[in-house]
Amino acid sequence: MNLIDLPMNVPWLSLVWLSLVIPTLIIALLKPEQKREIRIVGAVFSFISLALTLLVYLAYDYRSPQQFQFLEEVPWLPELGINYILGVDGVSLPMLLLNGLVIFTGALISWNIEERAREYWALLLLLAAGVYGVFVSLDLFLLFIFYELAVLPMYLLIGIWGSTRKEYGAMKLTLYLMGGSAFIILGLVAVYYSGTLRTFDMRLLAQSALFSRDVQIIFFVPLFLGFAVLAGMFPFHTWSPTGHVAAPTAVSMLHAGVLMKLGSYGCLRVAMWIFPEGANYWLLPIAIAALINAVYGASIAMTQRDFKFMIGYSSVSHMGLTLMGLAAANIIGITGAVLQMFAHGVMTALFFAVVGRMVYDRTHTRQFPELGGLFNVIPFAAIVFIIAGLSSMGMPGLAGFWAEFNIFMGMWQRFPLIAVLAGISIPITAGYILLAVYRVFFGELKNPEFRRLPGLTTPEYVAGAILAAVLIVSGIYPAYLTEPIEASVRPIAEALARAGALGMVGR
Amino acid sequence: MSFQITDIPRILLELMLLLLGLLVLGSDILTRWGRGAQAQAERAREAGQLTAVGLGLVFIVGLVQSRFLFTVPDPTGGPLDILLTLGRNLQAGGPGGSPVLGAFATDEFTMVARLTFIGAALLTSLLAMGYRLTANPGEFYSLLIFSTLGMSIMAAATEFILAYLALELSSISLYVLAGYFRESERSPEAGLKYFLFGSLSSAIFLYGISLTYGFVASENQKAGGTPIIATLFSEVGRFATGDAARSPLLILGMLFVIAGLGYKISVVPFHTWAPDVYQGAPPPVTAFLSTASKAAGFLLLYRLLTTAFPGAVGAPRLEEFSGWTSVLAILALVTLLVGNLAALPQTNARRLLAYSSIGHAGFLLLAMLLWSSTSPVDRTFGTAALIYYLIVYTLANLGSFGVLAVLTKALGGDDLNAMQGLWQRNMLLTLMMTILILSLAGIPPLAGFWAKFFVFMAGYQAGAVPLVTVAVVMTVVSLYYYLRFLKAMWILPAPSTSPISTPPVANAAIIVSTVLVALLGLLPNLIWGTISSAASVAAR
């Protein structure tokens, strides 16, 4: 079912990622002093990209038997089976929309960047263009190129505009992620040579008959791990809180909101889709790592004194739930995982917007003991933070609820014990969120200076309102997300189930 | 087999290089020059201009002759007939045919190599002009050209004596160039060190050749023939098959040949000269030394091993000796480890890049391992990966050493600290250096990424999975030190904000290499087809 029809002779998906490359070039041509023009170009084009993703979303027909739509195919290095193939399905569409939302709100939140604004905006938009590229690529090689394009600008963004041990955080993050992509490269080469087809077209690679069981079991590991590093899987998660804290606000939003989803998206789309038998073999270790992520991440978040570190660890915890949904390897679990990627992306972007921009840029401290009573000063920030927090706890009526509900249902069917143990993370999450709300926004005003803080600006209001609205709408009417997701997850889950049955016979 | 008059167009490029070298030298000697600084600068500029224009001309002739871009149509009776006839005659001497005198192959492989070396020499001459060296400019530029000539012959040689002479021609010119700054502290040291290592390696190479001769002679005698001295690669290859390929004499000869060339391509453990020489030599010479010279070494090594020792190819396994691929696999392993790990603590930018280029030699060796496969498709792919990597590496390294040359001239030093805050002082240079460094690091969508990916594929297909794993891990290690360049240029505060200007000629050279690195990354198919055809000739 699709709501609108788009002319099919337009390369919509190329436009989506190019809509953020074009402003990068325009900005590069502007003078460094033209900060206002630079901001306007950045914001306008990120809005255009959001509008384009929305159009594509509405025009996608999830009832059609054709899973991938808006296909574009251009030969690139056909001698080696490397082509420029774009297409979207119900899994990549919510991610595309998420990236549009986060880059647009991130652009609004970046309005107060004064230092080296030109380079900042160029890198920020380039980063988001790379993210779009990953979500629309159907060629594994192309996907990897976009993936690295999305990771590298991070180094400079954190290194130049960051705070709190920024150079260390930037280097650590980049090396971890590039270490992950080293694994992926190994996986790519193996995928290319182990199958009977010499191609990187994922639609062809996903025909599981191509790879023997041994190949799948061995090379699932580097492919999955490589992406799981970016998803923040235990024990490769330590870059994430350090990096998030060091990064400037909009970069934290993009990073925790979207970039980590590249990791879980890659785990699903690349590793699990191409190697279903390999995935089945490793489900239990993944589920255990995800369990540790969820519970341990939440517990560490509970003990943080730094507001931003708390959010950073909450991301680790929630990404654990995403991975757990993937490890369930059934329709409901994976649907929950994709939904969680979307819900967590929006809410964590909102968290970082509140923490980094609305609070820290005003108070210049993120330590809980020094904050307090800010509800009276910036009430809007408190309200949107509470909305995001409730979603994060899994409160019915908000996006997070549906995601977590599905994930736990899925896990219950696969490994009931892990589902029960992971349940511990829910009260802990509620605990640290409520504690943070209390310590930052309620209670007495610790610092009388805070009474004279400047109020929120229009871009902040708009960004906060958009993100909060998306959380509420997705909570009330989740079907606009779940139906396309479910339709596209079905073939992947079925392949996994078949592979599981095969594995049983093999034993 | 005798020299035909029709062979002249086939070695036209080498003849042109020879003539150009003599012309540059002669014009410098025959002109009357004043002694003042002004006259010196003018003299240097004229020698440089003559070299650059001449090399550009040779490059264009080579490009036309190669038929890589277009084939000249038959004359049609129009006014352009003279040009068309000229073009056709030129292309008639293009790639193809059996080697001249059996010793000088004029195939696509040679053509690609020649174009690479001549292009690199052209860019180097531009960098040297920007560097404004004033002492004996005629000698400087003519040595550069003679060295290029030697490299072209190295890539074409299919005979031991010619290979040795070419190696010496290119090396001896470079020894002099490396020690060219007589007044500086490090340059004469670099020249001497390079010379000592080089001449020792030549001796080893020669010894390897003589053992190989001995092998052929004794094999021939066993077969009942008279002992002959075989100097063609292919003749050695004819005898070195089956059981004879495991003869200790041949294996020893092969090991000495690899060791002798190992210095030219600076693989561990024959690399120790490289950091000192790269740091000490005049910056434009370093740019040339680290790229074209290394590429020539690799191409000669490739042709030599695959034609003279195809019977002793073995398998690239690390745990047992089975042929030259296992030797190369071990060399690749230590080169990757030492080159990349030793680069980590460096503080001097040129020394850092010297170690990084040792690391790159390790990646390049991976591509050669695929020769152990018997499938022609695989062999072609491995060769193509090698050539592609060499071209891309040449461009990126030449460009980044070019940037360092500009900075050395402007700032008087090339420590990483000196580059701090470069974005404030010269944005264009910073951007270009960033692109070049990221290409060296293998970040997509730049050409360096494809190059690394291709050699990983070659290594994997050759069955050297543990080695490829090490190589992949080493790319992450290398990223750490490449990021230090970015950190210095973009993040750390500048010691001064006074702008740095780039000499226009040097800028042109750096822009060309940067644009090509980016372009070949976005559209690798631009040269992949040509390279594949060159590779299929070489891989047969």
**Asked** How big is the shadow of the Cα convex hull of region A:7-103, averaged over all directions, in nm²?
**Response** 8.0 nm²
**Prompt:** Can you pull the accessible area of residue A:242 for me, 1.4 Å probe, Å² to the nearest 10?
**Reply:** 30 Å²
**Prompt:** Which residues of region A:62-99 end up with at least 40 Å² less accessible area in the presence of all protein chains than when their chain stands alone, using a 1.4 Å probe?
**Reply:** A:76, A:77, A:80
**Prompt:** Where does each of A:452, B:35, B:182, B:303 land when they are ordered by accessible area, with a 1.4 Å probe and the largest first?
**Reply:** B:35, A:452, B:182, B:303
**Message:** As I understand it, the value is the acute angle between the Cα axis of helix A:307-328 and the longest principal axis of the Cα atoms of chain A; what does it come to in degrees, rounded to 10?
**Reply:** 20 degrees
**Message:** Using a Förster radius of 25 Å, what is the FRET efficiency between residue A:421 and residue A:365 based on their Cβ-Cβ separation? Nearest 0.05, please.
**Reply:** 0.10
**Fill in**
When the charge dipole of region B:313-540 is computed with +1 on Lys and Arg Cβ and -1 on Asp and Glu Cβ about the Cα centre, the Cα farthest towards its positive end, among B:396, B:488, B:336, belongs to B:488
**Fill in**
Rounded to a whole number, the Stokes-Einstein D of region B:313-540 in µm²/s (Kirkwood radius over Cα pairs; 37 °C; 0.692 mPa s) is 182 µm²/s
**Request:** Would you please classify the overall shape of region B:349-399 from the alpha carbon gyration tensor, given that a ≥ b ≥ c denote the square roots of the eigenvalues, rounded means a/c under 1.5, and beyond that prolate means a/b larger than b/c while oblate covers the rest?
**Result:** oblate
**Complete:** For region B:302-430, the percent of accessible surface on carbon and sulfur atoms (probe 1.4 angstrom, ligands and nucleic acids excluded) is 60 percent
**Message:** Over region B:313-540, with the other protein chains present, what is the accessible area per residue in square angstrom, probe 1.4 angstrom?
**Reply:** 28 Å²
**Request:** Give the cross-link partners of residue A:308 among the aspartates and glutamates, using a straight C-alpha distance below 15 Å as the criterion and excluding same-chain residues fewer than 8 apart.
**Result:** A:361, A:370
**Prompt:** Got a number for the accessible area of residue A:377? Probe 1.4 Å, square angstrom, nearest 10.
**Reply:** 30 Å²
**Request:** Measure out, as a whole number of angstrom, how far apart the alpha-carbon centroids of region B:174-236 and region A:241-299 sit.
**Result:** 55 Å
**Complete:** With only helices counted (DSSP H, runs n ≥ 4, each -39500 (n - 2.57)), the per-residue ellipticity at 222 nm for chain A, to the nearest 500, works out to -23000 deg cm²/dmol
**Message:** Run the reach check for residue A:172 against aspartates and glutamates, Cα to Cα strictly under 18 Å, same-chain hits fewer than 8 apart removed. What comes back?
**Reply:** A:148
**Request:** Starting from the residue with the highest accessible area, list B:168, B:185, A:114 in decreasing order, probe 1.4 Å.
**Result:** B:185, A:114, B:168
**Request:** Determine how large the accessible area of residue A:61 is when every protein chain is in place; take a 1.4 Å probe and give Å² rounded to the nearest 10.
**Result:** 40 Å²
**Asked** Between residue A:163 and residues 5 or more places away or on another chain, which pairs have amide H atoms under 5 Å apart, with H built 1.01 Å from N, and which residues are they?
**Response** A:247
**Message:** Once you keep just the Cα pairs under 8 angstrom separated by 6 or more residues, what percentage relative contact order results for region B:120-277?
**Reply:** 21 percent
**Message:** I need to check one value: relative contact order of chain A, counting alpha carbon pairs closer than 8 Å and at least 6 residues apart, in percent.
**Reply:** 15 percent
**Request:** Give the span of region A:308-451's Cα atoms along each principal axis, as three whole-Å numbers ordered largest to smallest.
**Result:** 54, 23, 23
**Message:** Can you tell me which lysines have their Cα less than 24 Å from the Cα of residue B:222? Leave out same-chain residues fewer than eight positions away.
**Reply:** none
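Which whole number gives the average count of other chain Cβ atoms within 10 Å of the Cβ atoms across peptide B:474-483?
Numbers: counts 1, 5, 10, 4, 1, 9, 4, 0, 0, 9.
That works out to 4 on average.
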**Request:** Express the C-alpha Rg of region B:210-331 as a ratio against the empirical globular expectation 2.2 N^0.38 Å, rounded to two decimals.
**Result:** 1.22
**Message:** Order B:76, B:307, B:212 by their accessible area, 1.4 angstrom probe, all chains in place, largest first.
**Reply:** B:76, B:307, B:212
**Message:** Just to verify a number: FRET efficiency for residue A:465 and residue A:198, C-beta to C-beta distance, R0 = 51 Å, to 0.05?
**Reply:** 0.50
**Item:** region A:87-129 versus region A:1-32: alpha-carbon centroid distance in Å
**Value:** 13 Å
**Complete:** Both in Å, the radius of gyration and Dmax of the C-alpha trace of the protein assembly as shown are 31.1, 106
**Message:** Would region A:90-196 count as rounded, prolate or oblate if I go by the C-alpha gyration tensor, calling it rounded below 1.5 in a/c and otherwise prolate when a/b exceeds b/c, oblate otherwise?
**Reply:** oblate
**Item:** Cα principal axis extents for region B:120-178, largest first, Å
**Value:** 39, 19, 15
**Average other protein chain Cβ within 10 Å of Cβ, residues B:437-443** = 2
**Request:** Mind jotting down the distance between the C-alpha centroids of region A:401-442 and region B:413-460, whole Å?
**Result:** 44 Å
**Request:** Would you kindly work out the equivalent ellipsoid of region B:321-418 from its C-alpha gyration tensor and give its semi-axes, the square roots of five times the eigenvalues, largest first in whole Å?
**Result:** 33, 16, 6
**Prompt:** Once both labels are modelled 7 Å past Cα along the beta-carbon direction, what's the residue A:480-residue B:218 spacing in nm?
**Reply:** 8.4 nm
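The values are calculated or read from the model by the stated rules, or taken from the named source; none is laboratory data. The shown structure was predicted, so the numbers you read here are calculated from the model rather than taken from an experiment. Glycine also receives a Cβ, built like all others from the backbone with ideal geometry; neighbour counts cover every protein chain displayed. The accessibility values were calculated without ligands, DNA or RNA, using every heavy atom of the protein model including side chains. Shrake-Rupley method; radii C 1.70, N 1.55, O 1.52, S 1.80 Å.
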